[in-house]
Each structure stands twice: as structure tokens, then as C-alpha cells.
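J.: Have a look at this one before I ask anything.
The values are calculated or read from the model by the stated rules, or taken from the named source; none is laboratory data. Everything numeric in this text was worked out from a predicted model, so none of it was measured. As a convention, Cβ positions derive from the backbone with ideal geometry for all residues, glycine included, and neighbour counts pool all protein chains shown.
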Amino acid sequence: MAPAERNDGTVGKALAVLDQIASYGRPVRFGELLADSDLPKATLYRFVQTLTNQGMLQYDPERQTYAPGLRLVRLAHAAWAQSSLAPVARPHVDALSAETGETVHLAQLDHAQVLYVDKRNARDPVEMFSQAGKVGPAYCTGVGKAMLAFLPDAELQTALAQQSWHRFTATTHGSPESLRAELAEIRADGLSFDREEHETGIVCVAVPILNSQARPLGALSVTGTTRRTDLDTLRGLGPRLKLAAAAIARDAESWLFPRSAAPAPTLNNGETIHVRSDT
């Protein structure tokens with residue numbers, strides 16, 4: 001489920017239920033939800049019914065299952081168009097894909113995890129975890145490490161505390177200490193690599209997309225398989241990747257992107273202070 005540490009009341013709990021249902025990747029029965037939820041049965045049922053009534057969930061009476069509703073599709077499209085880098089980055093992603101012939105990913109950080117907002121498949125597509133709209137770990141992906149490396153210290157510490165540190169492969173970082181050394185190298189070089197850390201046989205080179213204050217707006221990567229490329233070959237694409245990332249950052253300067261790493265500050269009377277995301 002989504003992070004629920006903050007006291008966001010009824011809305012936060014309802015959204016956590018929505019996240020829980022989406023996490024199954026398939027229609028789910030109420031009994032399954034209840035078994036995996038910390039909420040009392042009556043409370044969970046009330047949230048599920050409200051979300052269904054509002055079109056956020058859809059209910060199949062024959063199978064007696066719940067799934068994300070079509071209203072979410074409309075909201076997702078609006079978020080993609082207004083809050084993600086994807087629309088402004090599209091021509092640069094297309095050009096990079098055509099030049100390299102490999103898979104190109106565009107990603108942003110979402111609650112310290114990687115959200116893939118766009119993807120172009122290689123000329124010879126290979127099955128892999130990443131898909132547009134999918135969330136993945138930050139500590140063991142090229143795009144994730146590229147963004148983590150350029151977070152301010154306080155935000156980086158918070159983000160590292162939210163990683164699972166699960167070892168997907170023999171090369172996966174298993175602790176913040178081992179990753180920090182690599183993040184320092186990424187800050188110095190501007191290049192990040194996935195050395196088969198998330199999936200065996202999958203390697204990539206990535207660069208951060210930084211705004212004028214050197215804060216990460218997102219990250220861009222070229223990904224291939226070990227059977228047809230290697231890290232040295234991917235490193236050679238670094239200068240081209242950096243050019244594309246700089247062009248995306250320039251095109252995005254007039255955009256405002258929401259930041260999910262921290263809640264909006266408030267005044268003593270509880271009024272929210274609205275801050276531009278590029279400051």
C-alpha cells in the first residue's frame with residue numbers, strides 16, 4: 001500500500017485502499033482485501049463502497065471482484081499531460097530511441113520510488129519489468145540512482161529510508177552505505193548504471209534531468225541486454241544522453257511539476273503554503 005505514516009485522515013485511508021487494490025494487478029475479492037488490511041471490516045467496506053460509487057473502483061457482480069475504475073483513467077491521463085515530463089520530453093525520447101535502437105526510459109521519483117512515465121521499445125524488443133505507469137525501486141535502477149544522487153542531503157536520507165533493500169540479484173545494493181559511495185560517483189560523473197541490479201541480463205546507462213537549480217526533474221536511460229551490449233558500449237552513449245537530458249530540462253523550464261517527497265508547508269493556522277516546484 002501507499003505510505004500511510006502521515007495523519008491524512010479519511011482521504012488518506014481511502015487512497016491507501018485504492019493503492020492496495022491497484023497493487024494486486026488483477027480484480028480482487030473483498031475477502032482478500034480484508035485479509036491484507038489493517039482496517040476494521042466495516043471501515044474497509046465503507047471505503048470500498050464509496051470508491052465504487054465515485055467511479056474510482058468498478059465492481060463485477062458476477063465475479064464479486066473490485067478493480068480500478070475508469071475514472072482513474074481520466075485522472076491518469078490528466079496527470080500524465082499536466083504533471084509528468086512525458087509530453088515535453090516525447091520528441092527527445094523518440095529521437096534517442098531511433099538513434100540507439102535500444103529501449104529508452106523516462107522516469108520521475110514518486111514517494112522515493114521510480115515511476116516510469118514513458119518508454120520506447122528497442123528495435124528488437126526484450127521483455128523486462130519496466131512499463132510506462134509502473135513503479136519500481138530507486139536503489140537498484142539506473143534512473144533511480146541518477147535521481148537519488150542529486151537530491152539534497154535531507155531528502156536523500158528520507159528517500160534511502162524508504163527503500164526496501166531487497167536483493168534482486170547478486171549485484172543489488174543491500175544497504176544505504178554501499179549505495180552512497182556509488183551516488184558520489186554519479187554526482188561527479190553525471191552517469192548512472194544498472195549493472196544487472198534489478199533484473200539479471202538487463203543493463204543500462206542513465207542520466208538525471210536537472211532544472212536550473214540542479215534538482216532532479218526526472219531521469220533518462222538507454223537499456224539493453226547483456227547478450228547484445230555491455231556497460232562500456234552503453235557508457236559511450238553518455239554524451240548523447242546528457243544532451244537529450246539538457247534539452248528536456250530546457251523545454252521543461254516553463255512547466256511546474258508537483259513534488260511528492262514532502263508535504264506542503266503550512267502556517268500556524270493550518271493554511272497551506274503553495275510553493276513553486278522549481279524553486
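J.: Please go through region 82-111 and pick out each residue that is surrounded by fewer than 23 Cβ atoms within 10 Å (Cβ to Cβ), among the β-branched types (Val, Ile, Thr) and closer than 16 Å to PRO239 by Cα.
T.: The answer is VAL93, THR100.
J.: Within region 20-32, which residues are in a helix (DSSP H, G or I), under 24 Å from the mean Cα position of the chain (by Cα) and surrounded by 15 or more Cβ atoms within 10 Å (Cβ to Cβ)? Break it down into steps so the answer makes sense when it comes.
T.: Step one: filter region 20-32 for residues in a helix (DSSP H, G or I), giving 20-23, 30-32.
Narrowing further to those that are under 24 Å from the mean Cα position of the chain (by Cα): 20-23.
Passing the criteria: GLN20, ILE21, ALA22.
J.: Please enumerate the residues belonging to region 120-157 that are outside any helix (DSSP H, G or I), among the aliphatic types (A, V, I, L, M) and modelled with pLDDT of 95 or more. Show your work before the answer.
T.: Of all residues in region 120-157, those outside any helix (DSSP H, G or I) come to 120-141, 149-152.
Still in the running and among the aliphatic types (A, V, I, L, M): 122, 126, 128, 132, 135, 138, 149, 151.
Result: ALA138, ALA149, LEU151.
J.: Quick one: in region 223-279, of everything that is at pLDDT 50 or above and of a type in the set (S, T, N, Q), which residue is nearest to the chain's Cα centre (by Cα)?
T.: THR223
J.: If we scan region 161-173, do we find a residue that is more than 16 Å from ASP194 (Cα to Cα), outside any loop (DSSP other than H, G, I, E, B), in contact with a helix residue (DSSP H, G or I) (Cβ under 7 Å, 6 or more places away or on another chain) and not polar (S, T, N, Q)? Steps first, please.
T.: First pass over region 161-173, keeping only residues more than 16 Å from ASP194 (Cα to Cα): 161-164.
When the remaining residues are screened for being outside any loop (DSSP other than H, G, I, E, B), the result is 161.
Imposing the further condition that a residue be in contact with a helix residue (DSSP H, G or I) (Cβ under 7 Å, 6 or more places away or on another chain) reduces the set to none.
For region 161-173, residues more than 16 Å from ASP194 (Cα to Cα), outside any loop (DSSP other than H, G, I, E, B), in contact with a helix residue (DSSP H, G or I) (Cβ under 7 Å, 6 or more places away or on another chain) and not polar (S, T, N, Q): absent.
J.: Pull up region 176-200, narrow it to residues that are small (Gly, Ala, Ser) and modelled with pLDDT of 95 or more, then point me to the one that is farthest from VAL114 (Cα to Cα).
T.: ALA188
J.: Being among the aliphatic types (A, V, I, L, M), modelled with pLDDT of 90 or more, touching a strand residue (DSSP E or B) at 6+ places or on another chain (Cβ under 8 Å) and not in a helix (DSSP H, G or I) is true for just one of LEU109, LEU51. Which residue is that? So that I can check it myself, show each step before the final result.
T.: On the way: LEU51 fails: not in a helix (DSSP H, G or I).
Just a single option satisfies the conditions, and that option is LEU109.
J.: Something else now. Yes or no: THR233 part of a helix (DSSP H, G or I) and surrounded by fewer than 18 Cβ atoms within 10 Å (Cβ to Cβ)? Please lay out each step first, then the result.
T.: Numbers: part of a helix (DSSP H, G or I): yes; surrounded by fewer than 18 Cβ atoms within 10 Å (Cβ to Cβ): yes.
Judged against the criteria, THR233 is a match.
J.: On to the next question. Take THR169 and tell me if it is assigned by TED's automatic domain parsing to the domain that holds ALA122, polar (S, T, N, Q) and touching an Asp or Glu at 6+ places or on another chain (Cβ under 6 Å). Full working, then the answer.
T.: Numbers: assigned by TED's automatic domain parsing to the domain that holds ALA122: yes; polar (S, T, N, Q): yes; touching an Asp or Glu at 6+ places or on another chain (Cβ under 6 Å): yes.
Yes, satisfied.
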